[in-house]
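Asker: Structure in structure tokens, see below.
Derivation of every value follows stated rules applied to the coordinates shown; laboratory data play no part. Because the structure is predicted, anything quoted here is derived from the model rather than measured. Here the Cβ is made from the backbone with ideal geometry for all residues, glycine too, and neighbour counts use every protein chain on show.
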């Protein structure tokens, strides 16, 4: 198996609080891997640690065969991009969509800027009419599309998705999930996706890991979860909870 | 069933530089001592409906209705003093995010006591005892400790419970819950719903549950109103949701991924202009 991302006994600590307690995982190239858990389970911290946004205090991260040091170089960010949860907070409020998409291209020294911006917007289904708008002129779903375009414009091979649809309406969520599946198919991307919604994760991912308190609870394949073949009570509770409210007499 | 709230042809609109924005366009419904769900996407007017009943519509908005009556009181023409008496006392509202809707510089206990003492002649010691009892009723285990904490010191689920305690302390007859669990984890979400459900049953409150999650609403409420572009497109008993007729309701139900059902790609809503007529 050719692994795109391989994490070994990763530890993250904020002062004395251990947010991640030795988590290991292996994601094959082209695979879609899900992380599920409640708030505070460390699932987002894991993504942020890979992206270089959380203080790693132990363990190793290997991306496409290369071990990551404390500092990420430019080449890393061409390979790995992240989409954040809150589309209202993750786009610069005083930059137009054009400017937002331009910046990564300039940083990485791309030459054919114009066609790339147009293509990126096309790919996420926005069209060039949105190019010179500010983020406050867009709806939540449109913003998330811009965030995806920004992540894809550098042609990464790995996309880290931190609850990409949890701030969106159900109908818009469906559109964004479909878009993500589409770009993954077209570009053979590797996804690592975080969500608290089991249904979204089973829909999007081949394999998943359930997390609690900074540790792995269990690892499942999507078919296992669909067939309710789970071994841990914690996962079972999550499954029950995702089915909606049940009245107890 | 006795009607507690009657809404007849309610409209809420906002004048803006580019013309009138009609957020709610002539909706009618009535509520008894039951759980009514209002479902719709962002911008469908569901929250503005709740706010209009509560009397929290911004002053620049225009409200009109043939009737907006709560227990025989004409809410639209009620003097501000009477509305203040009702608000928090007989009609209460739970807001979406405890992080933004609790007072950050007041301890949780003091905020609850404030509600109680505003609406009734209650002594300090008694108010404190009742606030503690209420915190326990919403299943906060260590009520004494939480009483003295500030909103930033508690988790989202705990903050939401504190807000529910604050809203229920005066014993309202009508509770409007505007996305009370959207900011919470699934497991905490069910706890909160369980608390609301028990209180509705035990106290005989009327509940309006506003949410964008049609499945959750249908599992919790007795009756569901589906709103689109400021209008009610369909009203049906929660158990009949599977037989919904309006394409919008069906679309909302269909577009959510389901465990064990692989549909790639997910069906998306094909919004038709005639729905908004």
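Asker: As a test of the formula, what do you get for the protein assembly as shown when each DSSP H run with n ≥ 4 contributes -39,500 (n - 2.57) and the sum is divided by the residue count, at 222 nm and rounded to the nearest 500 deg cm²/dmol?
Answerer: -10500 deg cm²/dmol
Asker: Taking the protein assembly as shown, how much of its Cα-Cα pair set, in percent, is spaced more than 44 angstrom apart?
Answerer: Percent of Cα pairs beyond 44 Å in the protein assembly as shown: 20.
Asker: Further, regarding this structure: Of all DSSP beta bridges located in the protein assembly as shown, what percent are antiparallel, nearest 5?
Answerer: So the antiparallel bridges amount to about 55 percent of the total.
Asker: Now a separate question. Suppose we keep just the DSSP beta bridges with both residues in chain A; what percent of those would be antiparallel, to 5?
Answerer: Counting only bridges with both partners in chain A, antiparallel ones make up about 55 percent.
Asker: Can you tell me which of A:63-76, B:254-267 comes out highest on packing, and rank the rest after it, using the mean Cβ neighbours within 10 Å?
Answerer: Taking the mean over residues of other Cβ atoms within 10 Å, the ranking is B:254-267, A:63-76.
Asker: Starting from the alpha-carbon convex hull of segment B:19-131, give the projected area averaged over all orientations, in nm².
Answerer: 9.5
Asker: May I pose another question? Starting from the Cα of residue B:42, step 7 Å along the direction of its Cβ; do the same at residue B:222; then give the gap between the two resulting points in nm.
Answerer: 3.3
Asker: What is the helix-to-structure angle for A:97-107, meaning the angle in degrees between its Cα long axis and the longest Cα principal axis of chain A, kept from 0 to 90 and rounded to the nearest 10?
Answerer: Relative to chain A, helix A:97-107 is tipped by roughly 90 degrees.
Asker: Let me ask something additional. Determine the shielding of peptide A:238-244 by partner chains: average, over its residues, the number of Cβ atoms on other chains within 10 angstrom of each Cβ.
Answerer: 6
Asker: Under a crude label model (7 Å from the Cα following the beta-carbon direction), how far is residue B:201 from residue A:236 in nanometres?
Answerer: The modelled label-to-label distance comes out at 2.4 nm.
Asker: For peptide B:180-186, how many partner chain Cβ atoms fall within 10 Å of a residue's Cβ, on average?
Answerer: The mean count of partner-chain Cβ atoms within 10 Å per residue comes to 4.
Asker: What is the order of A:36, A:23, B:122, A:106, fewest Cβ neighbours within 10 Å to most?
Answerer: Lowest count first: A:106, B:122, A:23, A:36.
Asker: OK, next. Helix A:140-152 against the longest principal axis of chain A: what's the angle in degrees, Cα atoms only, rounded to the nearest 10?
Answerer: 80
Asker: Continuing with this model, one more query. Per residue of B:31-43, count partner chain C-beta atoms within 10 Å of its C-beta, then hand back the mean as an integer. Provide the component values of the computation, followed by the final result.
Answerer: Values: counts 0, 0, 0, 0, 0, 0, 0, 0, 1, 1, 5, 7, 2.
That average works out to 1.
Asker: Here's something else I'd like to know. For a label point 7 angstrom out from the Cα of residue A:74 toward its Cβ, which stretches of segment A:102-131 have the backbone nitrogen within less than 13 Å?
Answerer: A:104-111
Asker: For the pair residue B:97/residue A:86, report the inter-label distance in nm, with labels modelled 7 Å from Cα in the Cβ direction.
Answerer: For residue B:97 paired with residue A:86, the spin-label model returns 0.5 nm.
Asker: When all C-alpha to C-alpha distances in segment A:3-241 are sorted into bins of 5 Å, what percent of pairs does each bin hold, rounded to whole numbers?
Answerer: All Cα pairs, binned at 5 Å, distribute as 1, 6, 14, 18, 19, 17, 13, 8, 4, 1, 0 percent.
Asker: In addition: Given C-alpha coordinates of segment B:154-277, what is the ratio Rg to Rh with the Kirkwood estimate of Rh?
Answerer: Ratio value, two decimals: 1.01.
Asker: Return one number: the angle in degrees, 0 to 90 and rounded to the nearest 10, between the long axis of the Cα atoms of helix B:156-168 and the longest principal axis of the Cα atoms of chain B.
Answerer: Long axis of B:156-168 versus the principal axis of chain B: about 80 degrees.
Asker: Could I ask something else about it? Apply 1/(1 + (r/R0)^6) to the Cβ-Cβ distance of residue B:263 and residue B:136, taking R0 = 30 Å, and write down the FRET efficiency to the nearest 0.05.
Answerer: Computed FRET efficiency for residue B:263 and residue B:136: 0.10.
Asker: With contacts defined as alpha carbon pairs under 8 Å and 6 or more residues apart, what's the relative contact order of segment B:1-133 in percent?
Answerer: Once normalised by length, the contact order is 23 percent.
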